[in-house]
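Take a look at the structure below.
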Amino acid sequence: MKTSINSARLNSMLRGIQKSIELFQTQGHDAVYFTAQFMRGKQKQNSIERGDVASFATLIRTYAKSEDADSVRIEFFDEATDKSFYSKVLTELQSPESEKSGSAEKPSGFNGFGGVNGLGEAEFNALVDKRVEVKEQAKDYARQTKELEELRIKYAALEEEKAEIEAALEAKKKVEYYSGIISSVVPSIAPLFQGTPLAQAAGMLAGIGGAAKAEADSPDEDVNALAEMVTDFCKTLSPQEASAFHLLCAGLEKDRNKIYSFLRQLMAEAPAN
């Protein structure tokens with residue numbers, strides 16, 4: 001029976017391989033070449049060595065028709081290593097003349113899971129390649145989603161660290177601000193605390209009641225001294241005085257401008273030396 005190349009079947013299988021070629025670069029194969037052996041029965045008719053993948057389909061169709069091949073073994077190699085990483089065998093490339101002329105008899109078997117009316121080998125291979133592609137895309141999506149979540153966690157941690165740094169800077173500014181006030185006004189009001197538990201601390205801050213310091217204390221030392229002074233003072237208060245002092249502090253915190261008016265009042269009431 002006269003035979004010829006089944007072009008529809010060959011083209012269908014070549015399209016499936018073309019889709020696989022498109023994925024080679026994503027799999028790490030930047031430069032690729034292919035080889036092909038064209039067989040008729042068990043006899044090798046011709047071959048392609050180091051074929052250009054850009055002309056893959058054209059070369060396979062041309063050789064298959066010129067050699068009247070009934071099968072082709074194709075193998076792809078990585079240009080950098082010359083190692084094979086993908087191979088495919090195209091079979092049953094011949095179609096009887098009776099089929100080409102429209103005979104009602106149609107083959108069955110693996111040529112489709114149901115012959116011409118069912119799923120052919122080429123369609124099956126294309127379906128498998130498509131499933132592999134979809135699975136790879138799902139893996140990429142899962143990986144990117146995980147990386148995005150990790151970046152969100154890192155961003156949240158950085159935002160928290162930023163807030164802590166800003167709070168520390170604000171606290172430092174307040175310490176420096178109040179230290180400046182203390183340095184400027186304590187010498188004027190130190191005489192008011194003579195004869196009280198605060199006298200020594202006030203005298204130290206004012207530079208009196210002891211040897212004056214050659215150099216100014218650091219802000220931290222000033223704050224510590226002030227805290228000690230306030231603590232000692234509070235220990236001497238009665239419950240009623242402590243409540244009044246608490247209200248005073250609350251009022252000064254609410255309107256810090258009152259600090260200056262309060263100090264001016266204290267200095268105005270200070271006894272003359």
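Does region 227-244 contain any residue that is at pLDDT below 60 and exposed (fewer than 10 other Cβ atoms within 10 Å of the Cβ)? Looking through region 227-244, none of the residues is at pLDDT below 60 and exposed (fewer than 10 other Cβ atoms within 10 Å of the Cβ).
Which residues, taken from region 28-46, are under 14 Å from A80 (Cα atoms) and surrounded by 13 or more Cβ atoms within 10 Å (Cβ to Cβ)? Full working, then the answer.
As a first pass, look at region 28-46 and keep what is under 14 Å from A80 (Cα atoms): 28-34.
Selection gives H29, V32, Y33, F34.
Every listed requirement among (1) part of a helix (DSSP H, G or I); (2) of a type in the set (A, V, I, L, M); (3) modelled with pLDDT under 90 is met by I208 save one, (1).
When you scan region 1-87 for strands (runs of 3 or more DSSP E) that lie fully inside it, which ones turn up with 2 or more residues that are free of Cβ contacts under 8 Å to residues at least 60 places away in the same chain?
Of the strands (runs of 3 or more DSSP E) lying wholly inside region 1-87, those with at least 2 residues that are free of Cβ contacts under 8 Å to residues at least 60 places away in the same chain span 32-40, 43-52, 71-78.
The values are calculated or read from the model by the stated rules, or taken from the named source; none is laboratory data. These numbers come from a predicted model, not from an experiment. Quick reminder, even Gly has a Cβ in these numbers, built from the backbone with ideal geometry, and neighbours come from all protein chains shown.
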